[in-house]
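Right, one structure below, let's go through it.
The values are calculated or read from the model by the stated rules, or taken from the named source; none is laboratory data. Bear in mind the structure is a predicted one, so any value in this text is a computation, not a measurement. With ideal geometry, Cβ positions are generated from the backbone for all residues, glycine too; neighbour counts draw on all protein chains shown.
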Amino acid sequence: MIEVLDPRGQAMSLARPSAPTRPRDPSHPVVGFMDNGKYNVHALITELGQLLSETDLLKQGAQVKKPVTSKAAPDELLAELARECDWVINGVGD
Amino acid sequence: MEQRGVATITLCTEPFVKQASTIAEMMDMPGLAIIPVAHLAREDVGQDQIHQIALDVQARVNAILNRPERQSAQTQVTSPKPEILHAAGLLQAIELFYERGWTDGLPVVPPTPTQVQAMLASVPRDPQEVVACIPPRQGLATVERIAVNAVMAGCLPGHLPVVIAAVQAMTEDRFGLRAIQSSTHSIAPLLIVNGAVTKRLDINGGSNAFGPGWRSNATISRAIRLILMNIGGSIAGLSDKSTFGHPGKYTYCIAENEAANPWEPLHVERGLPGDASAVTLFAAEAPQNISDHASGTASGLLSTIAGSMISLGSSKLGEMLLVLGPEHAAIIAGDGWSKADVRHYLFEKARLPFEKLKSWGDFLGIADLWPHWWNLTDAHARVPVVRRPEDILIIVAGGAGTRSMWVPGVYAPLSRSVTRAITEM
(Lines give C-alpha, C1' and ligand atoms only; values in the text may rest on other atoms or scores of the structure.)
Protein backbone atom coordinates (compact mmCIF):
# COMPACT_ATOMS: atom_id res chain seq x y z
CA MET A 1 0.00 0.00 0.00
CA ILE A 2 1.35 3.45 -0.91
CA GLU A 3 0.19 6.97 -0.13
CA VAL A 4 -0.27 9.57 -2.87
CA LEU A 5 -1.32 13.21 -2.69
CA ASP A 6 -4.33 14.90 -4.28
CA PRO A 7 -3.03 17.42 -6.88
CA ARG A 8 -5.99 19.82 -6.85
CA GLY A 9 -5.85 21.79 -3.64
CA GLN A 10 -8.07 24.43 -2.18
CA ALA A 11 -9.95 26.95 -4.30
CA MET A 12 -10.32 30.60 -3.39
CA SER A 13 -13.70 31.27 -1.91
CA LEU A 14 -15.82 33.68 -3.90
CA ALA A 15 -18.07 34.76 -1.06
CA ARG A 16 -20.81 37.12 -2.15
CA PRO A 17 -22.55 39.79 -0.14
CA SER A 18 -25.76 38.46 1.34
CA ALA A 19 -27.69 41.63 0.57
CA PRO A 20 -28.13 43.42 -2.74
CA THR A 21 -26.16 46.61 -3.23
CA ARG A 22 -29.25 48.79 -3.76
CA PRO A 23 -32.83 48.79 -2.45
CA ARG A 24 -34.97 46.45 -4.51
CA ASP A 25 -38.46 46.84 -5.83
CA PRO A 26 -39.40 43.18 -6.33
CA SER A 27 -42.40 44.07 -8.46
CA HIS A 28 -40.34 46.05 -10.95
CA PRO A 29 -36.74 44.75 -10.99
CA VAL A 30 -34.18 46.73 -12.97
CA VAL A 31 -32.55 44.58 -15.64
CA GLY A 32 -29.24 45.62 -17.22
CA PHE A 33 -27.32 44.14 -20.10
CA MET A 34 -23.68 43.36 -20.70
CA ASP A 35 -22.71 42.92 -24.33
CA ASN A 36 -19.56 40.80 -24.65
CA GLY A 37 -18.82 42.33 -28.04
CA LYS A 38 -19.38 39.25 -30.15
CA TYR A 39 -20.97 39.58 -33.53
CA ASN A 40 -24.74 40.37 -33.47
CA VAL A 41 -24.91 40.48 -29.65
CA HIS A 42 -25.65 44.20 -29.60
CA ALA A 43 -28.62 43.63 -31.91
CA LEU A 44 -29.90 40.74 -29.78
CA ILE A 45 -29.79 42.48 -26.43
CA THR A 46 -31.26 45.65 -27.86
CA GLU A 47 -34.17 43.60 -29.20
CA LEU A 48 -34.46 41.67 -25.95
CA GLY A 49 -34.43 44.87 -23.91
CA GLN A 50 -37.31 46.22 -25.95
CA LEU A 51 -39.35 43.05 -25.58
CA LEU A 52 -38.81 42.90 -21.83
CA SER A 53 -39.67 46.57 -21.36
CA GLU A 54 -42.98 46.12 -23.14
CA THR A 55 -44.21 43.77 -20.38
CA ASP A 56 -44.20 46.60 -17.82
CA LEU A 57 -42.99 44.10 -15.22
CA LEU A 58 -39.48 45.45 -15.09
CA LYS A 59 -37.39 48.51 -15.75
CA GLN A 60 -34.58 48.50 -18.26
CA GLY A 61 -31.22 49.41 -16.79
CA ALA A 62 -27.86 50.17 -18.32
CA GLN A 63 -26.57 48.45 -21.44
CA VAL A 64 -22.78 48.25 -21.45
CA LYS A 65 -20.22 46.62 -23.72
CA LYS A 66 -17.09 44.83 -22.55
CA PRO A 67 -13.95 46.42 -24.01
CA VAL A 68 -12.38 43.01 -24.69
CA THR A 69 -14.62 40.07 -25.49
CA SER A 70 -12.63 37.32 -23.81
CA LYS A 71 -11.48 39.20 -20.70
CA ALA A 72 -13.34 40.03 -17.54
CA ALA A 73 -15.10 43.41 -17.65
CA PRO A 74 -13.30 46.24 -15.84
CA ASP A 75 -14.36 47.06 -12.28
CA GLU A 76 -15.87 50.43 -13.15
CA LEU A 77 -18.22 48.83 -15.69
CA LEU A 78 -19.32 46.21 -13.15
CA ALA A 79 -19.79 48.89 -10.51
CA GLU A 80 -22.02 50.89 -12.85
CA LEU A 81 -24.27 47.89 -13.43
CA ALA A 82 -24.28 46.95 -9.75
CA ARG A 83 -25.35 50.45 -8.72
CA GLU A 84 -28.28 50.43 -11.06
CA CYS A 85 -29.48 46.88 -11.60
CA ASP A 86 -31.11 43.98 -9.77
CA TRP A 87 -30.42 41.60 -12.64
CA VAL A 88 -27.84 41.62 -15.40
CA ILE A 89 -28.22 39.62 -18.59
CA ASN A 90 -24.85 38.94 -20.20
CA GLY A 91 -23.70 37.15 -23.30
CA VAL A 92 -23.41 35.62 -25.72
CA GLY A 93 -20.89 32.96 -24.82
CA ASP A 94 -19.77 30.74 -27.68
CA MET B 1 -21.74 40.75 -10.89
CA GLU B 2 -22.79 37.88 -8.63
CA GLN B 3 -19.97 38.75 -6.24
CA ARG B 4 -21.42 42.26 -6.10
CA GLY B 5 -24.82 40.96 -5.07
CA VAL B 6 -26.44 41.27 -8.48
CA ALA B 7 -28.15 38.21 -9.93
CA THR B 8 -27.19 37.37 -13.49
CA ILE B 9 -28.53 35.51 -16.46
CA THR B 10 -25.95 34.23 -18.91
CA LEU B 11 -26.76 33.66 -22.56
CA CYS B 12 -24.63 31.17 -24.43
CA THR B 13 -24.92 28.89 -27.40
CA GLU B 14 -25.95 25.30 -26.75
CA PRO B 15 -22.47 23.66 -27.09
CA PHE B 16 -21.16 25.98 -24.37
CA VAL B 17 -23.90 25.59 -21.74
CA LYS B 18 -22.07 22.74 -20.03
CA GLN B 19 -18.85 24.77 -19.97
CA ALA B 20 -20.66 27.72 -18.40
CA SER B 21 -22.33 25.60 -15.71
CA THR B 22 -19.08 23.74 -14.96
CA ILE B 23 -17.17 26.98 -14.44
CA ALA B 24 -20.06 28.45 -12.43
CA GLU B 25 -19.90 25.50 -10.05
CA MET B 26 -16.13 25.86 -9.75
CA MET B 27 -16.68 29.49 -8.78
CA ASP B 28 -19.20 28.77 -6.02
CA MET B 29 -22.16 29.70 -8.21
CA PRO B 30 -24.14 26.47 -8.57
CA GLY B 31 -27.52 27.08 -10.14
CA LEU B 32 -26.38 30.12 -12.11
CA ALA B 33 -29.11 31.02 -14.60
CA ILE B 34 -27.94 30.05 -18.09
CA ILE B 35 -30.10 30.32 -21.19
CA PRO B 36 -29.07 28.50 -24.38
CA VAL B 37 -29.48 30.56 -27.55
CA ALA B 38 -29.06 29.81 -31.24
CA HIS B 39 -25.69 30.61 -32.81
CA LEU B 40 -25.84 34.19 -34.03
CA ALA B 41 -22.20 35.24 -34.55
CA ARG B 42 -22.48 35.12 -38.32
CA GLU B 43 -23.00 37.89 -40.80
CA ASP B 44 -25.82 35.97 -42.54
CA VAL B 45 -28.04 36.04 -39.41
CA GLY B 46 -30.75 38.56 -40.21
CA GLN B 47 -32.96 40.79 -38.07
CA ASP B 48 -35.88 38.34 -38.29
CA GLN B 49 -33.79 35.56 -36.79
CA ILE B 50 -32.48 37.87 -34.07
CA HIS B 51 -36.07 38.86 -33.24
CA GLN B 52 -37.05 35.18 -32.97
CA ILE B 53 -34.07 34.41 -30.72
CA ALA B 54 -34.99 37.40 -28.54
CA LEU B 55 -38.57 36.10 -28.22
CA ASP B 56 -37.29 32.69 -27.10
CA VAL B 57 -34.96 34.28 -24.59
CA GLN B 58 -37.66 36.61 -23.29
CA ALA B 59 -39.89 33.70 -22.23
CA ARG B 60 -37.05 32.07 -20.31
CA VAL B 61 -35.98 35.36 -18.73
CA ASN B 62 -39.51 35.94 -17.44
CA ALA B 63 -39.56 32.46 -15.89
CA ILE B 64 -36.23 33.10 -14.17
CA LEU B 65 -37.23 36.52 -12.86
CA ASN B 66 -40.33 35.02 -11.28
CA ARG B 67 -38.68 32.13 -9.48
CA PRO B 68 -37.62 32.27 -5.82
CA GLU B 69 -34.38 34.09 -5.14
CA ARG B 70 -31.31 31.94 -4.89
CA GLN B 71 -29.37 31.84 -1.69
CA SER B 72 -25.93 33.37 -1.72
CA ALA B 73 -23.13 30.85 -1.70
CA GLN B 74 -21.40 30.30 1.58
CA THR B 75 -17.70 30.75 2.01
CA GLN B 76 -16.01 27.43 1.34
CA VAL B 77 -12.94 26.67 3.39
CA THR B 78 -11.18 23.39 2.84
CA SER B 79 -8.01 21.98 4.27
CA PRO B 80 -4.87 23.56 2.83
CA LYS B 81 -3.00 20.27 3.12
CA PRO B 82 -3.20 17.85 0.18
CA GLU B 83 -5.60 15.01 0.74
CA ILE B 84 -3.86 11.65 1.06
CA LEU B 85 -5.15 8.74 -0.99
CA HIS B 86 -4.11 5.11 -0.85
CA ALA B 87 -3.30 2.66 -3.63
CA ALA B 88 -2.05 -0.93 -3.61
CA GLY B 89 1.08 0.00 -5.53
CA LEU B 90 2.55 2.39 -8.10
CA LEU B 91 0.65 0.95 -11.06
CA GLN B 92 -2.60 1.07 -9.12
CA ALA B 93 -1.86 4.69 -8.20
CA ILE B 94 -1.36 5.54 -11.87
CA GLU B 95 -4.76 4.02 -12.64
CA LEU B 96 -6.33 5.85 -9.69
CA PHE B 97 -5.18 9.16 -11.15
CA TYR B 98 -6.72 8.21 -14.49
CA GLU B 99 -10.00 7.41 -12.75
CA ARG B 100 -9.98 10.76 -10.99
CA GLY B 101 -9.30 12.67 -14.22
CA TRP B 102 -6.02 14.05 -12.90
CA THR B 103 -3.81 13.27 -15.90
CA ASP B 104 -3.24 14.81 -19.33
CA GLY B 105 -3.86 11.41 -20.91
CA LEU B 106 -0.37 10.06 -20.24
CA PRO B 107 0.55 8.11 -17.11
CA VAL B 108 1.79 10.28 -14.24
CA VAL B 109 4.44 9.60 -11.63
CA PRO B 110 2.43 8.92 -8.44
CA PRO B 111 3.16 11.82 -6.06
CA THR B 112 4.10 10.10 -2.82
CA PRO B 113 4.76 12.27 0.25
CA THR B 114 8.45 11.31 0.10
CA GLN B 115 8.86 12.50 -3.48
CA VAL B 116 6.92 15.68 -2.85
CA GLN B 117 9.11 16.43 0.18
CA ALA B 118 12.23 15.96 -1.95
CA MET B 119 10.80 18.37 -4.51
CA LEU B 120 9.96 20.93 -1.84
CA ALA B 121 13.49 20.76 -0.43
CA SER B 122 14.78 22.40 -3.62
CA VAL B 123 13.19 25.79 -2.81
CA PRO B 124 13.50 27.82 0.41
CA ARG B 125 9.76 28.53 0.65
CA ASP B 126 6.94 27.73 3.00
CA PRO B 127 5.07 24.82 1.33
CA GLN B 128 1.76 26.51 2.19
CA GLU B 129 2.71 29.81 0.55
CA VAL B 130 0.18 30.68 -2.15
CA VAL B 131 2.12 31.47 -5.33
CA ALA B 132 -0.91 32.26 -7.47
CA CYS B 133 -4.60 31.72 -8.01
CA ILE B 134 -5.37 29.73 -11.17
CA PRO B 135 -8.61 30.33 -13.13
CA PRO B 136 -11.28 29.27 -13.81
CA ARG B 137 -11.46 27.20 -10.62
CA GLN B 138 -9.62 29.90 -8.69
CA GLY B 139 -7.43 27.11 -7.37
CA LEU B 140 -4.77 28.16 -4.90
CA ALA B 141 -1.39 27.16 -6.27
CA THR B 142 0.58 26.66 -3.09
CA VAL B 143 4.24 25.70 -3.34
CA GLU B 144 3.28 22.26 -2.09
CA ARG B 145 0.51 21.76 -4.63
CA ILE B 146 2.78 22.93 -7.44
CA ALA B 147 5.34 20.38 -6.22
CA VAL B 148 2.73 17.59 -6.28
CA ASN B 149 1.96 18.32 -9.93
CA ALA B 150 5.67 18.67 -10.77
CA VAL B 151 6.32 15.20 -9.37
CA MET B 152 3.42 13.86 -11.41
CA ALA B 153 4.90 15.42 -14.57
CA GLY B 154 8.23 13.66 -14.02
CA CYS B 155 10.16 16.76 -12.92
CA LEU B 156 13.35 16.57 -10.89
CA PRO B 157 13.62 18.73 -7.75
CA GLY B 158 15.87 21.20 -9.60
CA HIS B 159 13.04 21.95 -12.02
CA LEU B 160 10.71 23.37 -9.38
CA PRO B 161 12.04 26.98 -9.42
CA VAL B 162 11.39 27.13 -13.19
CA VAL B 163 7.87 25.78 -12.73
CA ILE B 164 7.16 28.31 -9.96
CA ALA B 165 8.45 31.21 -12.08
CA ALA B 166 6.29 30.04 -14.99
CA VAL B 167 3.22 29.90 -12.72
CA GLN B 168 3.93 33.45 -11.56
CA ALA B 169 4.34 34.65 -15.16
CA MET B 170 1.18 33.07 -16.52
CA THR B 171 -0.98 34.40 -13.70
CA GLU B 172 0.00 38.02 -14.28
CA ASP B 173 -3.13 39.81 -15.45
CA ARG B 174 -1.72 40.81 -18.84
CA PHE B 175 -1.19 37.15 -19.78
CA GLY B 176 -4.98 36.72 -19.85
CA LEU B 177 -4.97 33.17 -18.47
CA ARG B 178 -8.71 33.02 -17.79
CA ALA B 179 -9.55 33.27 -21.48
CA ILE B 180 -6.67 31.03 -22.53
CA GLN B 181 -7.94 28.30 -20.20
CA SER B 182 -11.39 28.18 -21.75
CA SER B 183 -11.17 29.56 -25.30
CA THR B 184 -12.08 27.70 -28.48
CA HIS B 185 -8.74 28.96 -29.86
CA SER B 186 -5.90 26.41 -30.26
CA ILE B 187 -3.45 28.02 -27.88
CA ALA B 188 -1.10 26.83 -25.17
CA PRO B 189 1.43 28.60 -22.98
CA LEU B 190 4.83 28.29 -24.64
CA LEU B 191 7.73 28.47 -22.17
CA ILE B 192 10.90 30.10 -23.49
CA VAL B 193 13.79 29.67 -21.06
CA ASN B 194 16.88 31.87 -21.06
CA GLY B 195 20.11 32.10 -19.09
CA ALA B 196 22.36 29.82 -17.10
CA VAL B 197 19.51 27.61 -16.00
CA THR B 198 19.26 26.19 -19.52
CA LYS B 199 22.73 24.63 -19.19
CA ARG B 200 22.32 23.64 -15.57
CA LEU B 201 19.07 21.79 -16.24
CA ASP B 202 19.91 20.75 -19.83
CA ILE B 203 16.90 22.55 -21.32
CA ASN B 204 17.22 22.07 -25.05
CA GLY B 205 17.41 25.02 -27.43
CA GLY B 206 19.24 23.22 -30.22
CA SER B 207 18.25 20.48 -32.64
CA ASN B 208 14.69 19.30 -31.88
CA ALA B 209 14.15 22.21 -29.49
CA PHE B 210 10.38 21.75 -29.74
CA GLY B 211 10.82 18.08 -28.86
CA PRO B 212 11.12 15.27 -28.28
CA GLY B 213 13.97 13.86 -26.23
CA TRP B 214 14.81 16.24 -23.37
CA ARG B 215 13.46 15.55 -19.92
CA SER B 216 13.59 19.15 -18.72
CA ASN B 217 11.71 20.55 -21.72
CA ALA B 218 9.12 17.79 -21.53
CA THR B 219 8.47 17.72 -17.80
CA ILE B 220 8.66 21.41 -16.83
CA SER B 221 5.98 22.31 -19.35
CA ARG B 222 3.97 19.18 -18.56
CA ALA B 223 3.91 20.30 -14.92
CA ILE B 224 2.37 23.59 -16.09
CA ARG B 225 -0.33 21.71 -17.98
CA LEU B 226 -1.13 19.51 -14.96
CA ILE B 227 -1.28 22.63 -12.75
CA LEU B 228 -3.66 24.30 -15.22
CA MET B 229 -5.85 21.18 -15.17
CA ASN B 230 -5.74 20.07 -11.57
CA ILE B 231 -5.37 23.35 -9.68
CA GLY B 232 -6.96 25.60 -12.31
CA GLY B 233 -9.79 23.29 -13.31
CA SER B 234 -9.13 23.39 -17.06
CA ILE B 235 -10.90 20.20 -18.05
CA ALA B 236 -10.80 19.33 -21.74
CA GLY B 237 -14.31 19.21 -23.18
CA LEU B 238 -15.93 20.86 -20.14
CA SER B 239 -14.29 24.06 -18.94
CA ASP B 240 -11.67 23.95 -21.71
CA LYS B 241 -13.61 24.22 -24.97
CA SER B 242 -10.73 24.47 -27.42
CA THR B 243 -12.14 23.44 -30.78
CA PHE B 244 -9.10 21.33 -31.65
CA GLY B 245 -6.87 21.41 -28.60
CA HIS B 246 -3.15 21.80 -29.23
CA PRO B 247 -0.19 19.36 -29.22
CA GLY B 248 1.56 21.94 -27.03
CA LYS B 249 -1.01 21.30 -24.32
CA TYR B 250 0.97 18.17 -23.51
CA THR B 251 4.24 20.06 -23.34
CA TYR B 252 5.60 23.21 -25.02
CA CYS B 253 8.96 24.44 -23.80
CA ILE B 254 12.18 25.51 -25.50
CA ALA B 255 15.39 27.22 -24.47
CA GLU B 256 16.83 30.04 -26.51
CA ASN B 257 20.03 28.94 -28.25
CA GLU B 258 22.06 31.80 -26.82
CA ALA B 259 25.39 30.39 -28.05
CA ALA B 260 24.14 30.72 -31.63
CA ASN B 261 22.38 34.05 -31.09
CA PRO B 262 24.21 36.98 -32.75
CA TRP B 263 22.04 39.45 -30.83
CA GLU B 264 21.05 39.95 -27.23
CA PRO B 265 18.81 37.20 -25.85
CA LEU B 266 15.12 37.66 -25.09
CA HIS B 267 15.44 38.09 -21.33
CA VAL B 268 18.03 40.86 -21.76
CA GLU B 269 15.72 42.66 -24.20
CA ARG B 270 13.12 42.43 -21.44
CA GLY B 271 15.40 44.26 -19.00
CA LEU B 272 17.02 41.42 -17.06
CA PRO B 273 20.79 41.09 -16.64
CA GLY B 274 22.62 38.79 -19.02
CA ASP B 275 23.63 36.46 -16.20
CA ALA B 276 20.04 36.09 -14.97
CA SER B 277 17.87 33.12 -15.76
CA ALA B 278 14.32 33.70 -16.91
CA VAL B 279 11.24 32.14 -18.36
CA THR B 280 8.93 33.86 -20.83
CA LEU B 281 5.33 32.71 -21.20
CA PHE B 282 3.79 33.29 -24.62
CA ALA B 283 0.22 32.21 -25.45
CA ALA B 284 0.93 30.47 -28.70
CA GLU B 285 -0.62 28.64 -31.59
CA ALA B 286 1.43 25.80 -33.07
CA PRO B 287 4.88 26.57 -34.53
CA GLN B 288 4.96 26.74 -38.31
CA ASN B 289 7.94 25.90 -40.46
CA ILE B 290 9.68 28.43 -42.72
CA SER B 291 12.05 26.81 -45.23
CA ASP B 292 14.51 28.90 -47.20
CA HIS B 293 17.48 26.93 -48.43
CA ALA B 294 18.57 29.44 -51.06
CA SER B 295 18.57 33.03 -49.81
CA GLY B 296 21.99 34.34 -48.89
CA THR B 297 21.00 37.86 -47.87
CA ALA B 298 19.00 39.31 -44.99
CA SER B 299 16.45 40.93 -47.27
CA GLY B 300 15.97 37.79 -49.36
CA LEU B 301 15.53 35.60 -46.32
CA LEU B 302 13.22 38.02 -44.53
CA SER B 303 11.10 38.32 -47.66
CA THR B 304 10.45 34.57 -47.38
CA ILE B 305 9.72 34.91 -43.68
CA ALA B 306 7.34 37.83 -44.23
CA GLY B 307 5.48 35.82 -46.86
CA SER B 308 5.10 32.95 -44.40
CA MET B 309 3.66 35.19 -41.69
CA ILE B 310 0.81 36.37 -43.89
CA SER B 311 -2.22 34.16 -43.53
CA LEU B 312 -5.82 35.23 -43.36
CA GLY B 313 -7.17 32.88 -40.72
CA SER B 314 -4.57 33.07 -37.97
CA SER B 315 -4.91 35.58 -35.21
CA LYS B 316 -3.99 39.12 -35.97
CA LEU B 317 -2.82 42.13 -34.04
CA GLY B 318 -1.42 40.31 -31.04
CA GLU B 319 2.20 39.31 -30.61
CA MET B 320 3.99 36.92 -32.94
CA LEU B 321 7.11 34.93 -32.23
CA LEU B 322 9.81 34.43 -34.83
CA VAL B 323 12.18 31.59 -33.96
CA LEU B 324 15.18 32.03 -36.23
CA GLY B 325 17.28 28.97 -36.87
CA PRO B 326 20.99 29.61 -36.19
CA GLU B 327 21.90 29.50 -39.89
CA HIS B 328 19.21 31.99 -40.83
CA ALA B 329 20.17 34.23 -37.90
CA ALA B 330 23.82 34.18 -39.02
CA ILE B 331 22.88 35.25 -42.55
CA ILE B 332 20.75 38.14 -41.30
CA ALA B 333 23.26 39.34 -38.69
CA GLY B 334 26.09 38.88 -41.20
CA ASP B 335 24.48 41.55 -43.35
CA GLY B 336 24.65 43.91 -40.38
CA TRP B 337 20.97 43.77 -39.47
CA SER B 338 19.92 44.21 -35.85
CA LYS B 339 16.84 42.68 -34.26
CA ALA B 340 15.16 46.07 -34.56
CA ASP B 341 15.93 46.10 -38.29
CA VAL B 342 14.33 42.68 -38.64
CA ARG B 343 11.22 43.79 -36.78
CA HIS B 344 10.79 46.93 -38.88
CA TYR B 345 11.32 45.03 -42.12
CA LEU B 346 8.73 42.42 -41.20
CA PHE B 347 6.31 45.07 -39.97
CA GLU B 348 6.48 46.73 -43.39
CA LYS B 349 6.57 43.59 -45.53
CA ALA B 350 4.29 41.12 -43.72
CA ARG B 351 1.05 42.80 -44.73
CA LEU B 352 -2.29 41.75 -46.09
CA PRO B 353 -4.19 43.65 -48.76
CA PHE B 354 -7.27 45.31 -47.24
CA GLU B 355 -9.36 43.85 -50.06
CA LYS B 356 -8.59 40.36 -48.71
CA LEU B 357 -9.20 41.33 -45.11
CA LYS B 358 -12.66 42.64 -45.87
CA SER B 359 -13.69 39.10 -46.82
CA TRP B 360 -12.42 37.73 -43.51
CA GLY B 361 -15.32 37.45 -41.08
CA ASP B 362 -13.24 38.11 -37.98
CA PHE B 363 -12.25 41.48 -39.36
CA LEU B 364 -15.73 42.75 -38.55
CA GLY B 365 -15.34 41.85 -34.90
CA ILE B 366 -11.94 43.41 -34.32
CA ALA B 367 -11.99 46.43 -36.61
CA ASP B 368 -11.66 48.75 -33.64
CA LEU B 369 -8.37 47.12 -32.69
CA TRP B 370 -6.57 48.16 -35.86
CA PRO B 371 -4.01 50.94 -35.44
CA HIS B 372 -5.54 54.41 -35.46
CA TRP B 373 -3.13 55.51 -38.16
CA TRP B 374 -4.44 52.91 -40.57
CA ASN B 375 -6.99 54.26 -43.01
CA LEU B 376 -9.99 51.94 -43.03
CA THR B 377 -11.36 53.58 -46.15
CA ASP B 378 -8.29 52.99 -48.32
CA ALA B 379 -9.06 49.91 -50.41
CA HIS B 380 -5.43 49.69 -51.57
CA ALA B 381 -3.95 49.76 -48.09
CA ARG B 382 -1.76 46.90 -46.92
CA VAL B 383 -2.44 45.96 -43.34
CA PRO B 384 0.31 44.77 -40.97
CA VAL B 385 -0.09 41.49 -39.07
CA VAL B 386 0.88 43.17 -35.80
CA ARG B 387 0.07 46.63 -34.50
CA ARG B 388 3.68 47.69 -33.98
CA PRO B 389 7.14 46.25 -34.73
CA GLU B 390 7.77 45.54 -31.04
CA ASP B 391 4.99 42.94 -31.11
CA ILE B 392 7.24 40.63 -33.13
CA LEU B 393 9.26 38.63 -30.59
CA ILE B 394 12.52 37.26 -31.97
CA ILE B 395 14.61 34.45 -30.53
CA VAL B 396 17.23 32.09 -31.93
CA ALA B 397 16.77 28.37 -31.41
CA GLY B 398 17.09 25.08 -33.22
CA GLY B 399 20.01 23.22 -34.75
CA ALA B 400 21.70 22.93 -38.13
CA GLY B 401 19.56 23.52 -41.19
CA THR B 402 18.27 26.46 -43.19
CA ARG B 403 14.91 26.72 -41.47
CA SER B 404 13.10 28.98 -39.03
CA MET B 405 9.71 28.87 -37.33
CA TRP B 406 7.03 31.43 -36.70
CA VAL B 407 4.49 31.09 -33.96
CA PRO B 408 1.26 33.13 -34.03
CA GLY B 409 -0.10 34.42 -30.75
CA VAL B 410 -3.60 35.57 -29.87
CA TYR B 411 -5.58 38.76 -30.36
CA ALA B 412 -4.36 41.88 -28.65
CA PRO B 413 -5.20 42.92 -26.03
CA LEU B 414 -6.27 39.48 -24.80
CA SER B 415 -2.78 38.29 -23.93
CA ARG B 416 0.73 39.71 -23.73
CA SER B 417 3.83 37.61 -23.19
CA VAL B 418 5.34 37.82 -19.72
CA THR B 419 8.99 37.32 -18.71
CA ARG B 420 9.85 36.39 -15.16
CA ALA B 421 13.26 35.91 -13.55
CA ILE B 422 13.95 32.44 -12.16
CA THR B 423 15.23 32.83 -8.65
CA GLU B 424 16.13 30.34 -5.93
CA MET B 425 18.46 28.42 -8.26
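A few points about this structure:
- Among the criteria (1) over 26 Å from the mean Cα position of the chain (by Cα); (2) at pLDDT below 90, the one B:Ile53 does not fulfil is (2).
- Residue identified as within 14 Å of chain A (Cβ to nearest Cβ) and either surrounded by fewer than 19 Cβ atoms within 10 Å (Cβ to Cβ) or among the β-branched types (Val, Ile, Thr) (or both) among B:Thr297, B:Thr280, B:Thr251, B:Thr243: B:Thr243
- Residues of segment B:85-105 classified as buried (at least 16 other Cβ atoms within 10 Å of the Cβ) and closer than 24 Å to B:Pro247 by Cβ, total: 5
- Condition check for B:Asp44: assigned to a loop (DSSP other than H, G, I, E, B) and either crowded, with 17+ Cβ neighbours inside 10 Å or under 26 Å from the mean Cα position of the chain (by Cα) (or both): no
- Counted residues, segment B:397-418 - those being touching a helix residue (DSSP H, G or I) at 6+ places or on another chain (Cβ under 6 Å) and β-branched (Val, Ile, Thr): 2
- Enumeration of residues in segment B:254-309 that are in a helix (DSSP H, G or I) and more than 30 Å from B:Ile180 (Cα to Cα): B:Ala259, B:Ala260, B:Ala298, B:Ser299, B:Gly300, B:Leu301, B:Leu302, B:Ser303, B:Thr304
- Considering residues of segment A:45-70 that are within 21 Å of B:Ala20 (Cα to Cα) and surrounded by fewer than 17 Cβ atoms within 10 Å (Cβ to Cβ) only, the residue nearest to the other protein chains (Cβ to nearest Cβ): A:Pro67
- Cross-chain or 6+ apart pairs with Cβ under 7 Å, segment B:292-312 first and within 13 Å of B:Trp406 (Cβ to Cβ), then part of a loop (DSSP other than H, G, I, E, B) and modelled with pLDDT under 95: B:Ala306/B:Ala350; B:Met309/B:Ala350; B:Met309/B:Val385; B:Ile310/B:Ala350; B:Ile310/B:Val385
- Of B:Val148, B:Val130, all but one fail to be closer than 12 Å to B:Leu226 by Cα and touching a helix residue (DSSP H, G or I) at 6+ places or on another chain (Cβ under 9 Å); the exception is B:Val148.
- Residue satisfying condition, being of a type outside the set (A, V, I, L, M) and in a loop (DSSP other than H, G, I, E, B), within set B:Arg125, B:Arg145: B:Arg125
- Any pair with Cβ under 6 angstrom, 6 or more apart, that starts in segment B:218-235 at a residue that is at positive phi and ends at one that is part of a loop (DSSP other than H, G, I, E, B): B:Gly233/B:Pro136; B:Gly233/B:Arg137; B:Gly233/B:Ser239
One line per residue, one yes/no per condition, for (1) modelled with pLDDT under 80; (2) part of a strand (DSSP E or B); (3) farther than 22 Å from B:Ala340 by Cα:
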residue	(1), (2), (3)
B:Gly365	yes, no, yes
B:His372	yes, no, yes
B:Asn375	yes, no, yes
B:Val383	no, yes, no
B:Glu390	no, no, no
B:Leu393	no, yes, no
B:Ala400	no, no, yes
B:Tyr411	no, no, yes
B:Thr423	no, no, yes
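- Residues satisfying the criterion are absent from segment B:154-162 (criterion: modelled with pLDDT of 95 or more, within 26 Å of B:Asp28 (Cα to Cα) and of a type in the set (Gly, Ala, Ser)).
- Just so you know, in segment A:71-94 the residues that are without any contact (Cβ under 8 Å) to a residue 40 or more places away in the chain and facing another protein chain (nearest Cβ under 8 Å) include one that is surrounded by the fewest Cβ atoms within 10 Å (Cβ to Cβ), and it is A:Ala79.
Every residue, every condition in (1) over 20 Å from A:Lys38 (Cα atoms); (2) basic (Lys, Arg); (3) facing another protein chain (nearest Cβ under 9 Å), yes or no:
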residue	(1), (2), (3)
B:Ile9	no, no, yes
B:Glu14	no, no, no
B:Asp28	yes, no, yes
B:Ile35	no, no, yes
B:Arg42	no, yes, yes
B:Ile53	no, no, yes
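- Residue match in segment B:218-228 (condition: more than 26 Å from B:Arg403 (Cα to Cα) and part of a loop (DSSP other than H, G, I, E, B)): no
- Restricting segment B:190-217 to residues that are touching a residue at least 60 places away in the same chain (Cβ under 8 Å) and aliphatic (A, V, I, L, M) leaves a set whose member that is surrounded by the fewest Cβ atoms within 10 Å (Cβ to Cβ) is B:Ala196.
- Residue check for B:Leu346: in contact with a strand residue (DSSP E or B) (Cβ under 6 Å, 6 or more places away or on another chain), without any contact (Cβ under 8 Å) to a residue 60 or more places away in the chain, part of a helix (DSSP H, G or I) and surrounded by 18 or more Cβ atoms within 10 Å (Cβ to Cβ): yes
- Within segment B:259-266, one or more residues are in contact with a helix residue (DSSP H, G or I) (Cβ under 9 Å, 6 or more places away or on another chain), within 17 Å of B:Ala329 (Cα to Cα) and among the small types (Gly, Ala, Ser).
- Every residue from segment B:400-421 that is more than 18 Å from the chain's Cα centre (by Cα) and of a type in the set (A, V, I, L, M, F, W, C): B:Ala400, B:Ala421
- Search result, residues across segment A:17-44 that are within 30 Å of B:Leu140 (Cβ to Cβ) and either modelled with pLDDT of 85 or more or surrounded by 18 or more Cβ atoms within 10 Å (Cβ to Cβ) (or both): A:Met34, A:Asn36
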